[in-house]
1. Which of the residues that make up the stretch 90-115 are more than 26 Å from the chain's Cα centre (by Cα), open to solvent by less than 70 Å² (accessible area, probe 1.4 Å) and at negative phi?
2. Would you check which residues across the stretch 189-203 are over 30 Å from Ser150 (Cβ atoms), free of Cβ contacts under 8 Å to residues at least 12 places away in the same chain and either surrounded by 11 or more Cβ atoms within 10 Å (Cβ to Cβ) or of a type in the set (Gly, Ala, Ser) (or both) and list them?
3. All but one of (1) small (Gly, Ala, Ser); (2) touching a Lys or Arg at 6+ places or on another chain (Cβ under 7 Å); (3) modelled with pLDDT under 90 hold for Ala193; which doesn't?
4. Is at least one residue of the stretch 159-169 closer than 22 Å to Arg89 by Cβ, open to solvent by less than 50 Å² (accessible area, probe 1.4 Å) and part of a strand (DSSP E or B)?
5. Taking only the stretch 128-147 into account, find how many residues are more than 16 Å from Thr102 (Cα to Cα) and in contact with a helix residue (DSSP H, G or I) (Cβ under 8 Å, 6 or more places away or on another chain).
6. Six or more apart or on different chains, Cβ atoms under 6 Å: show the pairs whose first residue is in the stretch 103-127 and closer than 12 Å to Thr145 by Cα and whose second is part of a loop (DSSP other than H, G, I, E, B) and open to solvent by less than 100 Å² (accessible area, probe 1.4 Å).
7. Exactly one condition in (1) open to solvent by less than 80 Å² (accessible area, probe 1.4 Å); (2) part of a helix (DSSP H, G or I); (3) not charged (D, E, K, R) is not met by Ile15; state its number.
8. Residue under question is Phe210, and the condition is that it be free of Cβ contacts under 8 Å to residues at least 60 places away in the same chain, of a type in the set (Phe, Trp, Tyr), open to solvent by 60 Å² or more (accessible area, probe 1.4 Å) and farther than 29 Å from Thr102 by Cβ; does it hold?
Amino acid sequence: AVCIVGALFATKGTISVGDIQAFLQYVRSLHHPVSQISNISNVLQQTAAAAERVFELLLQEEEVADRPDAITINRDSSAADTALSKHIRGQVRFENVDFGYTAGKNVINNFSACINPGQKIAIVGPTGAGKTTIVKLLMRFYDVTQGSISVDGNDIRLFKRNELRSLFGMVLQETWLFSGTIADNIRYGKTDATDEEVQRAAEFARADHFIRTL
């Protein structure tokens, strides 16, 4: 618009071409700080959103500390069980479990199940039904709101968290690959595994052929 109107004025001799050039330069000079203000506004909005997430994390309650008399896992099957040491056979029981991530909104209601050693169980349901939540409760990433979960008749809250989680292998739906070789990724769960153990793990997971084709 400036160029067209300026050209008409210039042809009539009202202004010179230099005036048009100067006006365009002033418009550019005005536009630059306005653009910067707009960018700063976007940055401030991003900062506010990030700060909200940071403070939300800081306000989360700390994990409940392990009990001083927490049960440890006895890896020696021939050793006798004691009050503070148990050999695990593998029976898992859920008894009237209620749980919700927020108060008053339960994801799981009155859930009960018993899984015996060697038994295979499939939990099937639509997205959001609580399938992954059940596993998170089992590994004590969260504690149940009501009811109890027990392993071999011992409430999981009586175990040390690290020892309890060592009993389970949790495989999520998302794929996580770390920098390094495929062998490094396979060895991640057992850093001192030999090459032969890594290869056996790949064969067991039906990934050996795929890996060899790379």
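1. Passing the criteria: Gln91, Ser112, Ala113, Cys114, Ile115.
2. Kept after step one, since they are over 30 Å from Ser150 (Cβ atoms), are these residues of the stretch 189-203: 191-203.
Right, trim to free of Cβ contacts under 8 Å to residues at least 12 places away in the same chain and you get 191-194, 196-197, 199-200, 203.
Ala193, Glu197, Gln199, Arg200, Glu203, listed by residue number.
3. (3)
4. yes
5. Total satisfying the criteria: 3.
6. Final answer for the pair search is Asn106/Gly100; Val107/Gly100; Val107/Gly130; Ile108/Gly130.
7. That leaves (2) as the condition not met.
8. yes
The values are calculated or read from the model by the stated rules, or taken from the named source; none is laboratory data. Just so it is clear, the structure is predicted and the values come from calculations on it, not from any experiment. Cβ: placed from backbone, ideal geometry, glycine included. Neighbour counts: every protein chain shown. Side chains included, ligands, DNA and RNA excluded: accessible areas come from the protein's heavy atoms. Shrake-Rupley method; radii C 1.70, N 1.55, O 1.52, S 1.80 Å.
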